[in-house]
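What follows is a single structure, written as structure tokens, with notes after it.
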Amino acid sequence: MIPNSFIQKITDIVGESHVEHSESARMAYSYDATPNFQSKPDLVVSPKNTEEISQIVKACGEHQVPIVPRGSGTNLAAGTTPTQGGVVLLFNRLDEILEIDEENLTITVQPGVITKTICDTVEEKGLFTHLILAL
Ligand SMILES: Cc1cc2nc3c(=O)[nH]c(=O)nc-3n(C[C@H](O)[C@H](O)[C@H](O)COP(=O)(O)OP(=O)(O)OC[C@H]3O[C@@H](n4cnc5c(N)ncnc54)[C@H](O)[C@@H]3O)c2cc1C
């Protein structure tokens, strides 16, 4: 169980509407697309930029709280199941397409951009996607 002082510190960083620790929120982020694998986080946090992420990571380090980064939770390897509790760090607010390099046929996006948006964006340029992901 994480202390209230830690929850307050995270709330100060991202704002009250971007921190959740209700039973329903913890349940919603206790699993991903992997079957039969579930474990609840203590806190679900949605930062808006790298500065906030940096502060969250620092606070988690100081309090020894584990972090599980989560895009859309579509992986099939339980990578976003918070097996040791802690913070699920949501990237849904980081949803910008940073660069489309038509010469090298690559696209650079923030981690919250969903696949359909990528497909639609490159199709406008007469291209199509074959996803090979690099974090
Ligand atoms: C039906 C299906 C088809 C698929 N087809 C393809 C395909 O054609 N090509 C392909 O490449 N993949 C494919 N995949 C795999 C798919 O791309 C993964 O589900 C994808 O990597 C998950 O992205 P996500 O953002 O939802 O990450 P999540 O599932 O949320 O996370 C995946 C892992 O990455 C970590 N992570 C997430 N974001 C970050 C971050 N910003 N920094 C550090 N770590 C992070 C998580 O902690 C977790 O360990 C397919 C999956 C499915 C279910």
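The values are calculated or read from the model by the stated rules, or taken from the named source; none is laboratory data. Quantities reported herein were computed from a predicted structural model and do not represent experimental measurements. In this analysis, Cβ positions are derived from the backbone assuming ideal geometry, glycine residues included, and neighbour counts consider all displayed protein chains. In case anyone asks, the SASA skips ligands and DNA or RNA and just uses the protein heavy atoms, side chains included. Shrake-Rupley method; radii C 1.70, N 1.55, O 1.52, S 1.80 Å.
Segment 1-78 holds helices (runs of 4 or more DSSP H) entirely within its bounds, and those carrying 1 or more residues that are within 18 Å of residue 111 (Cβ to Cβ) and not polar (S, T, N, Q) map to 4-14, 50-63. Open to solvent by less than 50 Å² (accessible area, probe 1.4 Å), of a type in the set (A, V, I, L, M) and within 16 Å of the chain's Cα centre (by Cα), is that true of residue 59? It is false that residue 59 is open to solvent by less than 50 Å² (accessible area, probe 1.4 Å), of a type in the set (A, V, I, L, M) and within 16 Å of the chain's Cα centre (by Cα). For the criterion of being of a type in the set (S, T, N, Q) and either surrounded by 14 or more Cβ atoms within 10 Å (Cβ to Cβ) or more than 9 Å from the ligand (Cβ to nearest atom) (or both), residue 83 passes. In this structure, residue 127 does not satisfy being within 9 Å of the ligand (Cβ to nearest atom), over 30 Å from residue 7 (Cα atoms), modelled with pLDDT under 95 and not in a strand (DSSP E or B). Considering segment 62-80, the residues that are touching a residue at least 24 places away in the same chain (Cβ under 8 Å) and either more than 9 Å from the ligand (Cβ to nearest atom) or touching a helix residue (DSSP H, G or I) at 6+ places or on another chain (Cβ under 7 Å) (or both) include one that is most open to solvent (accessible area, probe 1.4 Å), namely 63.
Here residue 20 fits the description: in contact (Cβ under 8 Å) with a residue 24 or more places away in the chain, open to solvent by 80 Å² or more (accessible area, probe 1.4 Å) and under 17 Å from residue 4 (Cα atoms). Would you be able to say whether some residue in segment 45-52 is open to solvent by less than 30 Å² (accessible area, probe 1.4 Å) and polar (S, T, N, Q)? The answer is yes; a qualifying residue exists. Report yes if residue 96 is loosely packed, with under 14 Cβ neighbours inside 10 Å and among the charged types (D, E, K, R), otherwise no. Here the answer is yes, as residue 96 does meet what is asked. Answer yes if at least one residue in segment 3-18 is modelled with pLDDT of 95 or more, more than 27 Å from residue 115 (Cβ to Cβ) and touching a His at 6+ places or on another chain (Cβ under 6 Å), and no otherwise. The answer is yes; a qualifying residue exists.
Among the residues of segment 108-128, the ones that are out of contact with any Gly (no Cβ under 9 Å at 6 or more places or on another chain) and touching a residue at least 24 places away in the same chain (Cβ under 8 Å) come to 3 in all.
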